[in-house]
Each structure stands twice: as structure tokens, then as C-alpha cells.
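Chemist: My questions all concern the structure below.
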Amino acid sequence: MSSKQVSYGEEMRTVWAIAVTVLFFGASFGLLARAAGLGVLAPLVMSATTFAGSAQFAAASILGTSGAVAAAIAAAVLLNVRYVPISISVASLFRGPRLRRLAESQLIVDESWALSSRGGGRFDRGLLIRAGLILYACWVGGTAVGVVGGSALGNPKDLGLDGAFPALFLALLVPQLVDARRRAAAFLGGAIALVLIPFTPPGVPIVAASAACLLGLRARS
């Protein structure tokens, strides 16, 4: 997000607009997990404890095609490695007892992080927590809808839900492209991922693409 001031109402409208997408995407995951033979309880527990859509989809897809549990775990871990730099960037916002920090850090996801960014390495802690709580509820709730009533939803691809998250991430990216250095980093990251996708396991392209962030590090040195 840009550094301009945004009203509380505008912030929450944006959060809820994204939350609707997360709700439907959670339902898609629940449907996929149920079809993959994970039952009802396992997908709900996974969403409640993991709260990472791309990693959960990767794990469920691998298990659904009779892939090894180790491969599913490895794919999920690789996809979630991106949260290391994200978490470091907002670590100073979290204070208090260890259990409280652990619980609040669960709310750090791509969307809450991007929405709370104020530019220049500054973040709005309140917005990050509020957005994270709403998105968490929608993700877990959507998963429940998918695993319990997924048969009534049909194929998520027929509803265009398979394209919802790419569109969402694009919407989160665009406001970040405020100068040439950031645009170059985004372009380079996308190019790295596109080159690696056909040849590497899930998660590796995302991890490798994050190397594009070194452009910003060099500029600050």
C-alpha cells in the first residue's frame, strides 16, 4: 500500500472485499481436500493450524494423487518459506508474552501484511491484526463449507475460483509498484518463477523469486 492516509472505513471495506475471496477459496480447498480423501476433520484442523492457502492446496493435491506424505510436507514448507522475510519485517510490532506473540503471528499472511504496509518499512499493527482475524475466520469457515457441503458447490473451476487468488495477489501487488526499483524487483521475481515452474517442485519458484528482493537491499546499502 502507499503511504497516503486511508480512513478506517476504507481500510475495512478493502479487508472485507478480500475476505469474500478468501471465503470462497477456503471452500475450494475444503472441496479439494474432501475429494482427496482427507475426510472432514483433517482439512479443518489444517486450516485452523496452518492458515496458508497455497501450502494447503499443494499438500492436498499431492496426497490426492497418492503422493508421499513427505513430498506433501516438503511442498508445503517450501511454499511457506516466504513467510520468513515477511515475518522479520513486522517482528517489531509484536510484543508481550511469548504465547500472545505466537498467536498473533499466526495472523501474518500475504494479504494482512500487504494491507498493513505503509511504505518505507512501516506497518499498521492494528490493521494487520484486524485483517488477519477476519481473513482467518473466513478461511476456516470457507473450509468448513467446502468439506461439509462441497458437493453442492460443484467444480470450483466452473465458478472461476481457480483464478480468484492469482487475481487477488495481482491486486495486492499493484499498489506496491510505486517506483522503478520495486517494479524491477516484481518483474524479476515473476520472471524467475516463470522460468522455474516447469522444472522444479512446488514452492521452489516462490523461494527463488524472493531473491529479487535483493534489489532493495542493495539500494539501501
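The values are calculated or read from the model by the stated rules, or taken from the named source; none is laboratory data. Remember, it's a predicted structure, so these values are computed and weren't measured experimentally. All Cβ positions, even for glycine, are placed from backbone atoms using ideal geometry, and neighbour counts span all protein chains on display.
Chemist: If we scan the range 80-96, do we find a residue that is over 14 Å from the mean Cα position of the chain (by Cα), more than 30 Å from Gln176 (Cβ to Cβ) and of a type outside the set (Phe, Trp, Tyr)?
Modeler: No, the range 80-96 contains no residue that is over 14 Å from the mean Cα position of the chain (by Cα), more than 30 Å from Gln176 (Cβ to Cβ) and of a type outside the set (Phe, Trp, Tyr).
Chemist: Do you know which residues across the range 75-87 are touching a residue at least 12 places away in the same chain (Cβ under 8 Å) and farther than 13 Å from Ala52 by Cα?
Modeler: Pro85, Ile86, Ser87
Chemist: Condition first: among the β-branched types (Val, Ile, Thr) and outside any loop (DSSP other than H, G, I, E, B). Can you find one or more residues in the range 116-134 that meet it?
Modeler: There is at least one residue in the range 116-134 that is among the β-branched types (Val, Ile, Thr) and outside any loop (DSSP other than H, G, I, E, B).
Chemist: Only one of Val90, Val140 is surrounded by 14 or more Cβ atoms within 10 Å (Cβ to Cβ), modelled with pLDDT of 90 or more and closer than 13 Å to Phe51 by Cα. Can you tell me which?
Modeler: Val140
Chemist: Determine whether the range 36-51 contains at least one residue that is touching a residue at least 60 places away in the same chain (Cβ under 8 Å), farther than 22 Å from Ala103 by Cβ and under 17 Å from the mean Cα position of the chain (by Cα).
Modeler: The answer is no; no qualifying residue exists.
Chemist: Sticking with this structure for a sec: Of the residues that sit in the range 100-114 and are among the acidic types (Asp, Glu) and within 14 Å of the chain's Cα centre (by Cα), which one is surrounded by the fewest Cβ atoms within 10 Å (Cβ to Cβ)?
Modeler: If we take residues in the range 100-114 being among the acidic types (Asp, Glu) and within 14 Å of the chain's Cα centre (by Cα), then Asp110 is surrounded by the fewest Cβ atoms within 10 Å (Cβ to Cβ).
Chemist: I would also like to ask the following. Looking at (1) at pLDDT 90 or above; (2) surrounded by 17 or more Cβ atoms within 10 Å (Cβ to Cβ); (3) more than 21 Å from Pro43 (Cα to Cα), which is the only condition Ser117 fails?
Modeler: All conditions are met except number (1).
Chemist: Another question about this same structure. Within the group Ala33, Ala59, Ala72, which residue is under 17 Å from the mean Cα position of the chain (by Cα), crowded, with 19+ Cβ neighbours inside 10 Å, part of a helix (DSSP H, G or I) and in the same structural domain as Leu128 (by TED's automatic domain parsing)?
Modeler: Residue meeting the stated conditions: Ala59.
Chemist: Quick check, is Leu102 out of contact with any Phe, Trp or Tyr (no Cβ under 8 Å at 6 or more places or on another chain), part of a helix (DSSP H, G or I) and touching a residue at least 12 places away in the same chain (Cβ under 8 Å)?
Modeler: no
Chemist: Do we have Leu41 as surrounded by fewer than 16 Cβ atoms within 10 Å (Cβ to Cβ) and not small (Gly, Ala, Ser) here?
Modeler: yes
Chemist: From Arg122, Arg101, grab the single residue that is among the charged types (D, E, K, R) and closer than 21 Å to Pro175 by Cβ.
Modeler: Arg122
Chemist: I'd like the residue in the range 59-87 that is of a type in the set (Val, Ile, Thr) and closer than 21 Å to Ala211 by Cα and, out of all such residues, is modelled with the highest pLDDT.
Modeler: The selected residue is Ile86.
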